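J.: Before anything else, here's the structure in question.
The values are calculated or read from the model by the stated rules, or taken from the named source; none is laboratory data. Since we're looking at a predicted model, the values are computed, not measured. Here Cβ is always computed from backbone atoms with ideal geometry, including for glycine, and neighbour counts include all displayed protein chains.
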Amino acid sequence: MHELGLMSGVVDTVVASARHAGADRVISVRLRIGDMTEVMDEALHFAWEVLRDEDPLTKDAELEVDYVRPRSLCLACGNEFEHDRFHLRCPDCGSAETSLLSGRELDIVGIDIETPDDPEDDTPR
Ligand SMILES: [Zn+2]
């Protein structure tokens, strides 16, 4: 499953940066995914739920995903346009000679963490 491999990399990165920041736990993770990655939303969330349980830091973390529409540049007329996964032709001149500008990204755009920085908890008796 394509999504399990993708999410495994995401979870590794999230756990590493949360540890680095001294987090107690991860509250939520926000991803930006291009439509051209052909990721299935349901499979992605399933993979997340399986993988997050492997680490106590991410056990209860929520996953939020923003899907972004692909953009291409028409090599015939220079038009830049948004499209979906199936309509790649230039809407202006109808050319199929286009170059994908974005739509294959899978970025972690935000990680919400909880840190043990409550001063009352840290005060020694
Ligand atoms: Zn064109």
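J.: Considering (1) out of contact with any His (no Cβ under 8 Å at 6 or more places or on another chain); (2) of a type outside the set (Ser, Thr, Tyr); (3) modelled with pLDDT under 95, say which one Ala16 fails and leave the rest.
T.: Ala16 satisfies all of (1) out of contact with any His (no Cβ under 8 Å at 6 or more places or on another chain); (2) of a type outside the set (Ser, Thr, Tyr); (3) modelled with pLDDT under 95 except (3).
J.: Confirm whether Leu100 is away from the ligand (no atom under 16 Å from the Cβ) and in contact with a helix residue (DSSP H, G or I) (Cβ under 9 Å, 6 or more places away or on another chain).
T.: Numbers: away from the ligand (no atom under 16 Å from the Cβ): no; in contact with a helix residue (DSSP H, G or I) (Cβ under 9 Å, 6 or more places away or on another chain): yes.
No, not satisfied.
J.: Here is a follow-up. When only residues in the stretch 78-87 that are closer than 23 Å to Glu38 by Cβ and surrounded by fewer than 16 Cβ atoms within 10 Å (Cβ to Cβ) count, which is nearest to the ligand (Cβ to nearest atom)?
T.: Glu80
J.: Further, regarding this structure: What residue, of Leu63, Leu75, Leu57, Leu44, is within 16 Å of the ligand (Cβ to nearest atom) and surrounded by 12 or more Cβ atoms within 10 Å (Cβ to Cβ)?
T.: Checking each option against the conditions leaves just Leu75.
J.: Might you let me know whether the stretch 2-12 holds any residue that is within 15 Å of Leu100 (Cβ to Cβ), loosely packed, with under 14 Cβ neighbours inside 10 Å and either of a type outside the set (S, T, N, Q) or touching a His at 6+ places or on another chain (Cβ under 7 Å) (or both)? Can you show your working first?
T.: Just the residues of the stretch 2-12 that are within 15 Å of Leu100 (Cβ to Cβ), to begin with: none.
Checked against the condition, which is being within 15 Å of Leu100 (Cβ to Cβ), loosely packed, with under 14 Cβ neighbours inside 10 Å and either of a type outside the set (S, T, N, Q) or touching a His at 6+ places or on another chain (Cβ under 7 Å) (or both), the stretch 2-12 yields no hits at all.
J.: Moving to a separate point now. Being more than 16 Å from Asp66 (Cα to Cα) and not in a strand (DSSP E or B) is the filter here, so list the residues in the stretch 86-108 that pass it.
T.: Of everything in the stretch 86-108, those that are more than 16 Å from Asp66 (Cα to Cα) and not in a strand (DSSP E or B) turn out to be Phe86, His87, Leu88, Arg89, Cys90, Pro91, Asp92, Cys93, Gly94, Ser95, Ala96, Glu97.
J.: Taking the stated definitions as given, is Ala16 of a type in the set (Gly, Ala, Ser), loosely packed, with under 14 Cβ neighbours inside 10 Å, over 18 Å from Arg104 (Cβ atoms) and free of Cβ contacts under 8 Å to residues at least 60 places away in the same chain?
T.: So Ala16 fits the description; yes.
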